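The values are calculated or read from the model by the stated rules, or taken from the named source; none is laboratory data. Keep in mind the model is a prediction, meaning the values are calculated, not measured. Neighbour counts are summed over all protein chains in view; Cβ atoms, including those assigned to glycine, are modelled from backbone coordinates with ideal geometry.
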């Protein structure tokens, strides 16, 4: 019992979800002693869903590995390539497959849905007590994740909230500095996709008119629906935030400026063509910047925000890249000149 308590204390000692998955596999290795264990997450578009390895302890190995969150999706196995995992997602219940080796599958629930699977390889089928132990540990993990969601997510939209941005930014910047030599995806033979991280600031145009004309309940509905549109337009590994009011932020991995701008343009077009109940059609403007070496969260955000302000002042319903605006002479890069920017 003391070993279980020790592992539960370690599991709930981290706020980093990547570390949580690795710690869970390490705990199960000690408590259940499987031949191998792994957590696989469903990612990608609905028409071609794929498996991302969140943590894997292969049989005979001691080190836990994982796919990089920035791995190219085309290199990941399709969902249908592993029907037992797929069945676990659909059934949302644990089940075993006789071996050798015996396989046990457990659904992992997060944010109200089953999006990942725990897979255990064992020499013999798991005993009922072991199945109950694994199930109990997974319930503790699920409850802990719910507490993380409560503290880290905006209560209205479910997106990450403002107070988590700085920590996420610094963690992502550190990962950028480690690419490609230290990315865990390399350990699985699937190198992370090339590129850098981009920050986009998104703002609803004339949102005050929505609240004035239709009331704050309809305004809240617009914010909620916009968050859903953002989830549908960006990728699983993009970090989406609501900063407050009608302002949203995205941190995304892209190969270049054109891809980053295209992602925001796709959202802009989607929002423009979407008919919001009661509010009708609305538009959004966005500012974009690439993360630079040595950036702080406030400095990078300020660049994107100035690009957003330029978009607002020049017609709205558009995406503007800070670097392009500087190159065209519309903005002065105050970080490099030490001057105050003048519009």
Filter result (within 15 Å of residue 104 (Cα to Cα) and under 21 Å from the mean Cα position of the chain (by Cα)) within the stretch 11-31: 25
Unique match (being over 22 Å from residue 157 (Cβ atoms) and surrounded by fewer than 22 Cβ atoms within 10 Å (Cβ to Cβ)) among 294, 245: 294
Single residue of the stretch 139-167 satisfying the filter (closer than 13 Å to residue 8 by Cβ and either in contact (Cβ under 8 Å) with a residue 40 or more places away in the chain or in contact with a helix residue (DSSP H, G or I) (Cβ under 8 Å, 6 or more places away or on another chain) (or both)) that is surrounded by the most Cβ atoms within 10 Å (Cβ to Cβ): 141
Members of the stretch 149-163 that are more than 15 Å from the chain's Cα centre (by Cα) and farther than 16 Å from residue 245 by Cβ: 150, 151
Single residue of the stretch 47-62 satisfying the filter (more than 17 Å from residue 236 (Cα to Cα) and out of contact with any helix residue (DSSP H, G or I) (no Cβ under 8 Å at 6 or more places or on another chain)) that is modelled with the highest pLDDT: 58
The listed residue being modelled with pLDDT under 95 and under 22 Å from residue 333 (Cα atoms), out of 279, 304, 257, 261: 257
Failed item in (1) in contact (Cβ under 8 Å) with a residue 40 or more places away in the chain; (2) over 20 Å from residue 92 (Cα atoms); (3) touching a strand residue (DSSP E or B) at 6+ places or on another chain (Cβ under 9 Å), with residue 57 passing the rest: (1)
Residues satisfying the stated conditions in the stretch 63-93, i.e. surrounded by fewer than 17 Cβ atoms within 10 Å (Cβ to Cβ) and assigned to a loop (DSSP other than H, G, I, E, B): 63, 72, 77, 82, 92, 93
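Here is a yes/no grid of residues against (1) modelled with pLDDT of 95 or more; (2) touching a strand residue (DSSP E or B) at 6+ places or on another chain (Cβ under 6 Å); (3) assigned by TED's automatic domain parsing to the domain that holds residue 61; (4) within 21 Å of residue 4 (Cβ to Cβ):
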residue: 91; (1), (2), (3), (4): no, no, yes, no
residue: 106; (1), (2), (3), (4): yes, yes, yes, yes
residue: 117; (1), (2), (3), (4): yes, yes, yes, no
residue: 123; (1), (2), (3), (4): no, no, yes, no
Of the criteria (1) in contact (Cβ under 8 Å) with a residue 60 or more places away in the chain; (2) in contact with a helix residue (DSSP H, G or I) (Cβ under 7 Å, 6 or more places away or on another chain), which one residue 260 fails: (2)
Any hit, the stretch 278-298, residues being assigned to a helix (DSSP H, G or I) and without any contact (Cβ under 8 Å) to a residue 24 or more places away in the chain: yes
Residue within the stretch 34-46 that is within 22 Å of residue 110 (Cβ to Cβ), without any contact (Cβ under 8 Å) to a residue 40 or more places away in the chain and in the same structural domain as residue 115 (by TED's automatic domain parsing) present: yes
Number of positions in the stretch 229-274 that are within 22 Å of residue 197 (Cα to Cα) and in a helix (DSSP H, G or I): 17
Of all residues in the stretch 32-51 being over 17 Å from residue 74 (Cβ atoms) and over 19 Å from the mean Cα position of the chain (by Cα), the one that is surrounded by the most Cβ atoms within 10 Å (Cβ to Cβ): 37
Selection count where residues are within 15 Å of residue 145 (Cβ to Cβ) and in contact with a helix residue (DSSP H, G or I) (Cβ under 7 Å, 6 or more places away or on another chain), scope the stretch 28-46: 1
